[in-house]
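Enquirer: The structure that follows is given in the form of structure tokens.
The values are calculated or read from the model by the stated rules, or taken from the named source; none is laboratory data. Predicted model only: the values in this text are computed from it and were never measured. In this analysis, Cβ positions are derived from the backbone assuming ideal geometry, glycine residues included, and neighbour counts consider all displayed protein chains. What goes into the accessible areas is simple: the full protein's heavy atoms, side chains included, and nothing from ligands, DNA or RNA. Shrake-Rupley method; radii C 1.70, N 1.55, O 1.52, S 1.80 Å.
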Amino acid sequence: MHLVKLGGSVITDKSKKRTIRENILKRLVDEIARSEKKVVLIHGAGSFGHILAKEGGLANGFQGEWQLEYFSKVQRDVRELNLHVLDALLDAGLRPVSLPPSMLTIYSNGVMEEMSKELFELYLEIGMTPVSFGDVVLDKERVFAICSGDHIMSALSSMKGLESAIFVTDVDGVYDRPPGDEGAKLLSEIFPDSDIASKMLNRDVTGGIKEKIRRGFMIAEKGAKVMIVNGLVPGRLEKALKGEEVPGTELRWKKDD
Ligand code: IPE
């Protein structure tokens, strides 16, 4: 089976509140269906989550009662996006089932307590496509926390029969220097001890890609193939799922595996 995370920046327009990129979502879901692989699908929140979550300061935990309205609204909005994803999957002939993180896990001081993999495994076994997504969840100390889709990916990395984990983003992968710089080269693989990985894991890059890399290596350590691929380019996700070569960056745990 395969874990696929559709980044919020791919399936939504991140600059406009609650805006879906319908055609891209439809194409990516069609690629999943055509691959005929067993997939657990995770999606990010994009403009259905980040804008209001930031306004409500949700990432920093409880500061005041006023934030609870933001908690409700962001939960509501990411569910709306989730319904769109479920519809796209149904249209593609798959049988999705939604598993919201806020019902599967609880956080404690920003750290996820164990997420049950059993539901995901059982739904897959009967031929359905489990779908989960970035959400706001309860935190025992901080009242609430943001549970990112990347976090769910690593939380599910011990699922039975995991072959690959694919992070679908709006860039080709990891570059040896900022992608805008002249001569920047796409790295086909990176290792936790490589210069670029340590640079990425330090603070000078945006939280998004750093978190993906950190989580990605956690999954690679368990033995699955971990890839970052560009979802804006048609065909790449389907090929990656089929195990074919595609431009992208593989996150590898060790040089000799
Ligand atoms: C964020 O999830 C969840 C909320 C803001 C509620 P992700 O971190 O997985 O979303 P993207 O992929 O960055 O949009």
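Enquirer: Where a ≥ b ≥ c are the square roots of the eigenvalues of the C-alpha gyration tensor, would you call region 101-257 rounded, which needs a/c under 1.5, or, failing that, prolate if a/b is larger than b/c, or oblate?
Expert: oblate
Enquirer: Under the rule a/c < 1.5 gives rounded, and otherwise a/b versus b/c splits prolate from oblate, where does region 1-122 land using the Cα gyration tensor?
Expert: In terms of gyration-tensor shape, oblate.
Enquirer: For region 68-204, which whole-number percentage of the solvent-accessible area (1.4 Å probe, protein heavy atoms only) is attributable to carbon and sulfur atoms? Walk me through the numbers before you get to the answer.
Expert: Details: 3430 of 6680 Å².
Its accessible area is 51 percent carbon and sulfur atoms.
Enquirer: If you count, for each residue, the other Cβ atoms within 10 Å and average over each peptide, how do 151-158, 177-184, 123-130 line up from highest to lowest?
Expert: 151-158, 123-130, 177-184
Enquirer: Also, I was wondering about something else. How much area per residue is accessible in region 151-242 when the probe is 1.4 Å and only protein heavy atoms are counted (Å²)?
Expert: With all protein chains present, region 151-242 gives 48 Å² per residue.
Enquirer: Sticking with this structure for a sec: In whole Å and largest first, what semi-axes does the C-alpha gyration tensor of region 91-173 yield when each eigenvalue is scaled by 5 and square-rooted?
Expert: Over the Cα atoms of region 91-173, the ellipsoid semi-axes are 23, 16, 13 Å.
Enquirer: Based solely on its DSSP helices, what 222 nm [θ] is calculated for the chain when runs of n ≥ 4 H residues each add -39,500 (n - 2.57) and the sum is averaged over all residues, nearest 500 deg cm²/dmol?
Expert: -10500 deg cm²/dmol
Enquirer: Put 85, 246 in order of accessible area, largest first, 1.4 Å probe: what do you get?
Expert: Details: 85 0, 246 25 Å².
Ranking 85, 246 by accessible area, largest first, yields 246, 85.
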